[in-house]
Ligand SMILES: [Fe+2]
């Protein structure tokens, strides 16, 4: 079912749509289809199915992402040059690998590895959509990936700004593993963290509030910005979130009016931090966010559903802490105490990226529903904003 969603996501695409690459950070849809398949072929079939022969001996070079232990690979910025293999051939690769993985589904000793492959695939489903959005946004025709956008639910306005208050204290952070179900290695080990009293906003920052920040000269006032952020917006000439075009925004449904009560999306950590400063508040730490999420259902809110056919942020924002946009925290993405990456190539999955990035919590409208949880640690460099990234404010009490 997870694998089928990836194919459903590319069903509206031509081979050309699936081949183009808009920037080094983003990958073609066809590459995502093949790379997630390479992950199963390499770590499950090659390593555990006796007699398995690679679908094509030349393809691991094309579809290895960053695993040094798996040898040299095609340069990431050149992924858009892979007009061949064609989309049909990549889909045949997927069918071939799926058929062979099915032979191993009964192997209890491989269940954890196969679960990793499926959760990896879900991460790439989100990247596929955000990468595609970026690519389509550069087409002057502003083409829609899919209609319709998420349904507008009545005329209600955004949830009033209010705060969840927390006493602080000593709290258990991170995933306990084992019986608690699947988690990525970066979510553990569970450990204790001492929090001061704090409050977390009940909803995300809206487009209306962001427009006020812009109108108030938010992008022109160095007092609001971290030094690196100020240098970055000036070097890039930035004055608004990534997809804003005056009072319109590029969406997966093409160019659409900016909805004032919808959560703002496609802002960087630097912008999120400057906004929080302007608003007289701050971003939460990842630990505050996780403690506040206790008792919140991670499967509610606008997230990606198989077969929904509609994509986008809720016009008035999702209830709860999950959905619509990933939320920047002020926490650097670092290993938890006693963290050790797994042995072998799979150990390269998360640990080697623990430098220069910030943690994001929650889930977005492009996150497959059921993929995220309170302990989930998404991470991106502070200047990246092509993901569905938004802002939830926090304050000290
Ligand atoms: Fe990957």
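All of the numbers you see were taken from the coordinates with simple rules; none came from a lab. Model, not experiment: these values are computed from the prediction. All Cβ positions, even for glycine, are placed from backbone atoms using ideal geometry, and neighbour counts span all protein chains on display.
The orientation-averaged shadow of the Cα convex hull for the range 224-337, equal to a quarter of the hull surface, comes to 9.4 nm². A crude spin-label estimate for the pair residue 161 and residue 352, with each label 7 Å from Cα along the Cβ direction, gives 4.4 nm. When shorter helices are ignored and each DSSP H run of at least 4 residues is given -39500 (n - 2.57), the per-residue value for the chain at 222 nm works out to -8500 deg cm²/dmol.
Starting from one equal scatterer on each C-alpha and no solvent at all, send me the Debye-based log10 I(q)/I(0) for the range 2-137 at q = 0.16, 0.17 Å⁻¹, two decimals. Each listed q corresponds, in turn, to -0.79, -0.89. Highest GNM mean-square fluctuation among 178, 280, 323, for the chain modelled with Cα contacts below 10 Å: 178. Calculate how large, on average over all directions, the projected area of the Cα convex hull of the chain is; give the answer in nm² to one decimal. Computed as one quarter of the Cα hull surface, the answer is 19.4 nm².
When each of 384, 133, 352 is scored by the number of other beta-carbon atoms lying within 10 Å, the sequence from fewest to most is 352, 384, 133.
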